[in-house]
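A.B. asks: After the structure tokens below, expect a handful of questions from me.
Nothing in this text is a laboratory measurement; each read-out follows from the coordinates by a stated rule. Computed from a prediction, not measured in an experiment: that's the story for all the values here. Quick reminder, even Gly has a Cβ in these numbers, built from the backbone with ideal geometry, and neighbours come from all protein chains shown.
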Amino acid sequence: MGFSAGEIHFSQDTVSFDTLFAERGSKIYTLKVYNRSDKNMLIHQLLLRGRDASPYHMNVDGDSGNEFTDITVLPKDSLYVFLKAHFPATDKVNPQLNKDSIQFVTDAGSSKVILVGWNQNVQKMPVLGSETTTLNPIKPYLVTKEFLVPQGKKLVIPENTRLYFDLNASLRIAGSLTVDGSLESPVSFFSSNLDTTYREVPNQWKGIYFEEYSRENRLSWCFIRNGKSGLVLRPYSEVNVDHVKIEKMMWSGIHAMNAKLEMENSLVAEVRYYGMLLEAGGDYQFNFCTLANYKSYSLNGFRTDQTLVITDKLDENSPIQSMPFQRISWTNSIVEGAFSSEIDIRNSKSASEVTRFDHCLIKANLSLPNEQIEGSVVSEENSFENSEKSNYHLSEESAAKGMGREMSTKLWLDLDGHLRGQDNRYDVGCYRWFPPKEEKN
């Protein structure tokens, strides 16, 4: 059989790599080369143009190298080219573009496939030598294992700081933590796996843990995503949270054990087990918060418990000492999900006595006195624009619109930074509702 002079074809003309941290290898990308003719096709040369200086590495049908010659592709058959990237560290702050190409020479002429990837330089977490250490947001931080803030030390994370965590990494606070994000430049706590196919996957790092007696902790304007747990509060720890998104977690969005937590204008959503688990006592206040769990989790199994569970002890064998709950106050907030009831006050007399839902929208079957659910509405509907696409803004039909009550003279900003209380209307949950914008003709 002779050789075809027909055109060579590719599965893609540009191979785009996910952003990659410097000095870390990428996953394997596949390029398919097609011979769509009825004759053999001879590739005279298959060349990685950057050769040894290229940050890309090539494997052709099991052989590694940067140049191959005289490769025959059978009629109606294809050739696999496997590609990886390994970008070097530089002194640059911003992500750097890395381009190369693969050249193919056949009897029909020369063709090429472009290789494109971004290289992000990172910095290591600092040694906490002084009483207070402030991170520098100029480059992201890569946390490769447990990072501990010891007792007597304070870690300050300023706006626009990005922290990326490896699989077994966590942030543990025995001293104190201040997260000073802003609406325009929030702080982010994400997985170090930047592959876009993993954006929806939980359990990619461990979470942020506040150890026993950790005090003076505040988190403002930050994102926490893709971990095992978002925030874990050990006994007698105290944390203040405002304008925080916790999404796509495995075990819990928040797990608090006989702790003190004040949270406002924040979102907890899409958690495999417990959106929020309040256990063994404590003092908890939630104002203008949204706790929502509508996602299905076929990849990791399906949720079996309500998204808000309040209990003396989840595990009878737990070494944690259970104390009476002092306060569990939800005001102007939403607790919803895919279940017909998303709140479970389990085996706790003290929790039943002190839990209060004040002007909240909830999906629940609760046997609480009327004074403990004052102004609240039990909902059977999904209140959000599109929870399947992680949009937890209120829908136009939501009962949450305007059902809240005024709460002191404090300047309340929602999670988008919009001022609440205009026109004497208070929408419940973490977002204000706005009418849809009219399309211009």
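A.B. asks: Scan [x] 51; [y] 38; [z] 46 for the value of percent of Cα pairs over 31 Å apart calculated from this model and give just the label.
C.D. replies: Read-out from the structure maps to [x].
A.B. asks: With +1 on the Cβ of every Lys and Arg and -1 on the Cβ of every Asp and Glu, and nothing else charged, how large is the dipole of the chain about its Cα centre, in debye rounded to the nearest 20?
C.D. replies: 860 debye
A.B. asks: Another question about this same structure. Treating only the Cβ of Lys, Arg, Asp and Glu as charged (+1, +1, -1, -1), what charge dipole size does the range 227-282 show about its Cα centre? Round to the nearest 20 debye.
C.D. replies: Dipole of the range 227-282, to the nearest 20 debye: 260 debye.
A.B. asks: Which residue, chosen from 243, 351, 307, occupies the Cα position most advanced towards the positive end of the dipole of the chain, where the dipole is computed from +1 (Lys, Arg) and -1 (Asp, Glu) charges on Cβ about the Cα centre?
C.D. replies: 243
A.B. asks: On to the next question. Which order, highest average first, do 75-82, 234-241 follow once you tally other Cβ atoms within 10 Å for each residue and take the mean per peptide?
C.D. replies: 234-241, 75-82
A.B. asks: Would you please state the base-10 log of I(q)/I(0) at q = 0.14, 0.21, 0.26, 0.34 1/Å for the range 161-206, with intensities from the Debye formula using one equal scatterer on every alpha carbon?
C.D. replies: Cα-only, vacuum Debye calculation for the range 161-206: -0.42, -0.84, -1.03, -1.18.
A.B. asks: Still on this model: Straight-line reach from residue 410: which aspartates and glutamates fall under 17 Å, measuring Cα to Cα and dropping same-chain residues less than 8 apart?
C.D. replies: Of all the aspartates and glutamates, those that pass the test against residue 410 - Cα under 17 Å, at least 8 places apart if same chain - are 242, 262, 264, 423, 427.
A.B. asks: Can you list the lysines whose alpha carbon is less than 20 Å from that of residue 32, not counting same-chain residues fewer than 8 positions off?
C.D. replies: Excluding near neighbours in sequence, the set is 76, 84, 99, 112.
A.B. asks: Give the peptides 397-407, 273-283 in descending order of average Cβ contacts within 10 Å, highest first.
C.D. replies: Descending packing order for the listed peptides: 273-283, 397-407.
A.B. asks: Do you know the relative contact order of the chain, to the nearest whole percent, from alpha carbon pairs under 8 angstrom that are 6+ apart?
C.D. replies: Once normalised by length, the contact order is 8 percent.
A.B. asks: Follow-up question, since we're still on this one. Pull up all non-local amide H partners of residue 50: gap of 5 or more, or a different chain, and H-to-H distance under 5 Å with H placed in the peptide plane.
C.D. replies: Those lying under 5 Å, H to H, from residue 50 are 101.
A.B. asks: OK, next. Quick check: the distance between the Cα centres of the range 135-193 and the range 77-101, to the nearest angstrom?
C.D. replies: 28 Å
A.B. asks: Which peptide among 326-338, 196-208 comes first, and what is the full order, when sorted by highest mean count of other Cβ atoms within 10 Å?
C.D. replies: 326-338, 196-208
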